[in-house]
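> One structure follows; several queries about it will come next.
The values are calculated or read from the model by the stated rules, or taken from the named source; none is laboratory data. As the structure is a computational prediction, the values presented were derived from the model and not from experiment. Cβ coordinates were reconstructed from backbone atoms using ideal geometry, including for glycine residues, and neighbour counts include every protein chain displayed. Accessible surface areas use protein heavy atoms only, side chains included; no ligands, DNA or RNA. Shrake-Rupley method; radii C 1.70, N 1.55, O 1.52, S 1.80 Å.
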Amino acid sequence: LALVTLLRARDRGLPLPAAAVLLSPWTDLTASGVSVQTNRKRDPMLPAHRIEEAARMYAGNAELDDPDVSPLFANLLGLPALAIHVGSTEVLLDDSHRLADRAREHGVDVDLTTWHRMPHVFPMFADFIPEGRRAIDAIAAFVAARLEAAMQ
């Protein structure tokens, strides 16, 4: 949702933020990423066998490869810097890696961090796991640096 919001704001000529943070983003509702299969039994949060059903519930009648549904397939030119955090065991791992690659191809500054054996959106568990706290600290540093650069 955050990525599609950025794309729509850009397309409407609205001002964009200096940066955006994406946590375990689901960017390809076609589920064409290899990690949907390779992490099928490793992801403790997202059941791979439900991805197609969830995608259809979200997309309604829209095509799953429509960039408004799957922003991986969008033109990413002109987006602000992106910080992407994802766990290595997620079925959505490839969504993050392929998004980072495509964004870089479009000239977007991308800071991608893959966290070893962390679950989907693990920073929300910062009170319980140290990696969550470290991720939040890294996000804060990323945002602070981009804001400082934008202010100059």
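> Of all the residues that make up the stretch 29-58, how many are open to solvent by less than 70 Å² (accessible area, probe 1.4 Å) and either more than 21 Å from P71 (Cβ to Cβ) or in a loop (DSSP other than H, G, I, E, B) (or both)?
The total comes to 9.
> Sticking with this structure for a sec: Please list, ordered by first then second residue, the pairs with beta carbon atoms under 6 Å, 6 or more apart or interchain, first in the stretch 55-67 and of a type in the set (D, E, K, R), second in a helix (DSSP H, G or I) and modelled with pLDDT of 95 or more.
Listed by first residue and then by second, the contacts come to D65/F73.
To keep it simple, each residue is scored yes or no on (1) aliphatic (A, V, I, L, M); (2) closer than 25 Å to P44 by Cβ; (3) modelled with pLDDT under 95.
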| position | (1), (2), (3) |
| --- | --- |
| D66 | no, no, no |
| S88 | no, yes, no |
| D94 | no, yes, no |
| L99 | yes, yes, no |
| R102 | no, no, no |
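> Starting from residues that are in a loop (DSSP other than H, G, I, E, B) and among the hydrophobic types (A, V, I, L, M, F, W, C), keep the ones in the stretch 83-141 and report whichever is most open to solvent (accessible area, probe 1.4 Å).
This residue is F128.
> Looking at (1) closer than 18 Å to L112 by Cβ; (2) open to solvent by 40 Å² or more (accessible area, probe 1.4 Å); (3) part of a loop (DSSP other than H, G, I, E, B), find the lone condition where L16 falls short.
Of (1) closer than 18 Å to L112 by Cβ; (2) open to solvent by 40 Å² or more (accessible area, probe 1.4 Å); (3) part of a loop (DSSP other than H, G, I, E, B), only one is false for L16: (1).
> Of everything in the stretch 9-31, what is touching a residue at least 24 places away in the same chain (Cβ under 8 Å) and more than 22 Å from A140 (Cβ to Cβ)? Give them in sequence order.
Selection gives R10, W26, T27, D28, L29, T30, A31.
> Moving on. For residues that are surrounded by fewer than 16 Cβ atoms within 10 Å (Cβ to Cβ) and within 20 Å of F142 (Cα to Cα), tally how many sit in the stretch 59-79.
So the count comes out to 1.
> Let me ask you something else. Only one residue in A144, A150 is within 20 Å of L6 (Cα to Cα), modelled with pLDDT under 95 and surrounded by fewer than 16 Cβ atoms within 10 Å (Cβ to Cβ), so which one is that?
A150
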